[in-house]
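Scroll down for the structure; my scribbles are underneath it.
The values are calculated or read from the model by the stated rules, or taken from the named source; none is laboratory data. Owing to the predicted nature of the structure, the values given are computational and were not obtained by experimental measurement. When we count neighbours, we look across all protein chains shown, and the Cβ atoms used for this are built from the backbone with ideal geometry, even at glycine.
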Amino acid sequence: MTNAETPELNIPNFNQTDAESNESAEKNETLNTESSEPTYEELKALNEELHQQYMRLAADFDNFRKRRLNEMEQTRKYGAEHFLRNFLPVLDNFERAQKSITAESDSATLYKTLELMQQQLVQALEETGLKRSDVIGKVFDPALHEAVSQLVVEGQTPNTIIAEQQAGYCLHDKVLRHAQVIVASEAS
């Protein structure tokens with residue numbers, strides 16, 4: 001094998017410093033210029049160097065993989081933290097209401113208490129990105145709505161939603177639950 005046929009082994013090492021990289025390149029050049037064929041010792045040294053580079057890279061990758069698995073586990077374990085923080089005041093108010101409501105409480109007080117708690121719950125859900133779909137009077141869209149019935153209604157445009165059986169909800173821009181609706185149809 002001549003110098004022209006000697007393969008140049010220039011494998012990048014992303015963990016090497018510039019000095020180590022230059023030293024490695026000089027070793028490769030020395031192998032290619034000193035003799036027509038590298039000696040056994042030179043090849044063995046190069047093999048050992050490449051093996052060490054491989055082992056460092058494998059260790060770095062293993063550490064990265066373990067770090068990512070740990071981050072994913074932490075996200076799964078504590079991902080609902082922000083969501084749940086929004087509900088602590090709602091839970092506190094439920095407990096206060098339970099303590100304050102007695103058998104002698106009048107229905108107007110009970111209604112007002114439930115209404116305030118429901119408003120606070122809706123507000124907490126909206127802060128987490130949940131939004132109730134506004135459907136009455138809208139054109140039926142199967143991507144957002146589920147038609148459970150059709151009714152002929154005078155004066156209504158066909159395919160218009162006239163009633164809601166069950167509310168639909170979106171989380172940011174993703175539909176969590178389709179609204180179950182009644183749709184106006186044409187008279188036969």
- line: In segment 112-160, residues that are over 30 Å from A80 (Cβ atoms), modelled with pLDDT of 90 or more and acidic (D, E) total 1
statement: Note on segment 130-140: residues surrounded by 14 or more Cβ atoms within 10 Å (Cβ to Cβ) and either touching a Pro at 6+ places or on another chain (Cβ under 6 Å) or under 15 Å from I182 (Cβ atoms) (or both) are S133, V135, K138, F140
- line: Of the residues in segment 120-176, those that are within 25 Å of L88 (Cα to Cα) and in contact with a Ser or Thr (Cβ under 9 Å, 6 or more places away or on another chain) come to A167, G168, Y169, C170, L171
task: Run down S185, S107 and say which single residue is free of Cβ contacts under 8 Å to residues at least 12 places away in the same chain and at negative phi.
output: S107
Subset of segment 56-95 that is over 23 Å from L171 (Cβ atoms) and of a type in the set (S, T, N, Q) - its residue that is modelled with the lowest pLDDT: N93
